[in-house]
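Student: Dropping a structure here in structure tokens format, bear with me for questions.
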Amino acid sequence: MTGRQQVNDALFIDCGDGYEIKHGDNAGEIKYRRPPRARFECVRCGYASPIVTGPTAVKNFVAAARPEHRSICPATHAQGVRAA
Ligand SMILES: [Zn+2]
């Protein structure tokens, strides 16, 4: 252990395995043999999100998971709402 850095939460991203369609009606579309997946875990409160699957869902999830959880994380609130 190197100490110093404290990990409060973690995003796990699996980019999947896909290829782009080169020809035909669906050209430019990405076909996935194994779709991208992502999940989020919060070390502070022990929260673990469900696994999100699919390129669009994963993209949105990666952008939103951390701030969204921060706003509802009981560990964050236990420390942050003391003034109220
Ligand atoms: Zn949390």
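None of the figures in this text is laboratory data; all of them are computed from the coordinates on show. In this text, all values refer to a predicted model and were calculated from it rather than measured experimentally. All Cβ positions, glycine included, derive from the backbone under ideal geometry; neighbour counts span all protein chains shown.
Student: For residues that are among the charged types (D, E, K, R) and touching a residue at least 12 places away in the same chain (Cβ under 8 Å), scanning just the range 22-58, find the one that is nearest to T76 (Cα to Cα).
Tutor: Within the range 22-58, the match that is nearest to T76 (Cα to Cα) is R44.
Student: Further question on the same structure: Can you name the residue in the range 42-54 that is near the ligand (Cβ under 9 Å from one of its atoms) and surrounded by 13 or more Cβ atoms within 10 Å (Cβ to Cβ) and is also nearest to F12 (Cα to Cα) among such residues?
Tutor: Checked the range 42-54; the qualifying residue nearest to F12 (Cα to Cα) is C42.
Student: Of all residues in the range 13-29, how many are in a loop (DSSP other than H, G, I, E, B) and farther than 11 Å from G54 by Cα?
Tutor: Within the range 13-29, residues that are in a loop (DSSP other than H, G, I, E, B) and farther than 11 Å from G54 by Cα number 9.
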